[in-house]
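The values are calculated or read from the model by the stated rules, or taken from the named source; none is laboratory data. Predicted model, so just to flag it, every value in this text is computed and none were measured. For neighbour counting, all protein chains shown are included, and Cβ atoms are generated from backbone atoms with ideal geometry for every residue, glycine included. Heavy atoms of the whole protein, side chains included, go into the accessibility calculation; ligands, DNA and RNA do not. Shrake-Rupley method; radii C 1.70, N 1.55, O 1.52, S 1.80 Å.
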Amino acid sequence: MNSPNSLVGRDFLEISDFSGDELRQLLDNAAALKLAVREGIPHPLLAGRTMAMIFEKPSLRTRATFETGMAQLGGHAVDLAHEHLQMGVRESIADVGRNLVRWVDVIMARVYTHDTLTELAAAEVPVINGLSDLSHPCQVLADLLTIREHKERLEGLKLVYVGDGFNVARSLLAAAPRLGLSITLACPEGYDPGPDAIATARALADDPTTVEIVRDPREAVAGADAVYTDSWISMGLEDETEARLRAFDGYQVDAALMALAGPDAIFMHCLPAHRGQEVTDEVMDGPQSVVFDQAENRLHTQKALLVQLIRGPVAFKELN
Ligand code: CP
Ligand code: NVA
């Protein structure tokens, strides 16, 4: 196992940047920070530290949780409005990074193209992926904590993803086998996460953990502990709306699909949800839905991430 020190100064661009042990440690730390918030215990672990936030795309959860998290940790988050920054137009991406490194301790960026993150990451300051066209690893940290809270473990569970094999699906696929969680994806033809992502996940999965791709959501959800879906029309793909609505017909998570999964399966969504498309109101608002726990856990997991990237080992448990 790597020393906890090894996370300091590192980038978090993909789930694969952390080992299974590092991910487990991060979830433990996030749980301790969550308890500290619940108990009203101040924890200014990043006093005087600063984060720059870059959003090329809209956000509610990512922006609110990173900014709130930095404030709770005694630090400060600067939101660099995209229209003013004009990264790559007014100034090159690399030069934006070279400036920011002189002022801030960490950069968090939500971008159209993953390459933008790798260009920023050339600067000697940790860069966190707040969503790209390839992945959404911060979302998946919160998802893992949520599953662990509801199921009291991760290992040996079956996670089923129904819908578009895009950024969120790819990060779930990267995380699951690292933590002994089996994953089955039900995606329409042409919307799989890509052969490389599947092959990498399969190579990581130790028996009895499995990685499966099927077409039929009803087949996929049998024996599921968690059923997950995401938007059919992700940000930036709006031009494809008509074709996507046709392709994803039959992939809606509704009460009938959840009934096939069984009463103990939780329903998950990264949000924002497009009610009536990938999920019905009945499922979103039903007793199996944990979607707002996922949203809350963005705060706690990202705080743990920030502390570990900026400051390193802290006796989180002593906070409680
Ligand atoms: N799930 C998520 O990343 O939400 P936002 O797009 O609102 O940040
Ligand atoms: N797949 C979605 C996730 C939103 C959090 C998107 O990229 O828009």
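Using heavy-atom solvent-accessible surface (probe 1.4 Å) with all chains present, what is the largest-first order of Leu13, Leu35?
Numbers: Leu13 20, Leu35 75 Å².
Order by accessible area, largest first: Leu35, Leu13.
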With no solvent term and unit scatterers on the alpha-carbon positions of the chain, Debye gives log₁₀ I(q)/I(0) at q = 0.08, 0.09, 0.11 Å⁻¹ of -0.35, -0.44, -0.67
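Can you list which of the trypsin sites (Lys or Arg not before Pro) found in segment 64-104 are DSSP loop residues with at most 15 other C-beta atoms within 10 Å? Walk me through the numbers before you get to the answer.
Working: sites: Arg90, Arg98, Arg102; in loops: Arg90, Arg102.
For trypsin sites (Lys or Arg not before Pro) across segment 64-104 that sit outside H, G, I, E and B with at most 15 neighbouring Cβ atoms in 10 Å, the list reads Arg90, Arg102.
Given charges of +1 on the Cβ of Lys and Arg and -1 on the Cβ of Asp and Glu, with all other atoms neutral, how large is the dipole of segment 46-198 about its Cα centre, in debye to the nearest 20?
On the way: 14 positive and 19 negative charges, 92 e Å.
With only Lys, Arg, Asp and Glu charged at Cβ, the dipole is about 440 debye.
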Virtual spin-label span in nm between Thr68 and Asp95, 7 Å along Cα→Cβ
3.8 nm
Below 8 Å, C-alpha to C-alpha, sequence gap of six or more: please give me the relative contact order for the chain in percent.
23 percent
What do you get when you divide the Cα radius of gyration of segment 173-215 by 2.2 N^0.38 Å, with N the number of residues?
1.07
Which of the trypsin sites (Lys or Arg not before Pro) found in segment 257-304 are loop residues per DSSP with 15 or fewer other Cβ atoms within 10 Å of their Cβ?
none
Quick check: pseudo-label points 7 Å beyond the Cα along Cα→Cβ at Glu149 and Asn320, how many nm apart are they?
1.3 nm
With every protein chain kept in place and a 1.4 Å probe, the chain has an accessible area per residue in Å² of 42 Å²
Inter-label distance, nm, simple model (7 Å from Cα along the C-beta direction), His82/Ser19:
3.7 nm
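Where the only charges are on Cβ atoms (+1 Lys, Arg; -1 Asp, Glu), what is the dipole of the chain about its Cα centre, to the nearest 20 debye? Walk me through the numbers before you get to the answer.
Numbers: 28 positive and 47 negative charges, 210 e Å.
With Lys and Arg at +1 and Asp and Glu at -1, about 1020 debye.
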Trypsin sites (Lys or Arg not before Pro) within segment 150-213: which are DSSP loop residues with at most 14 other Cβ atoms inside 10 Å?
Arg153
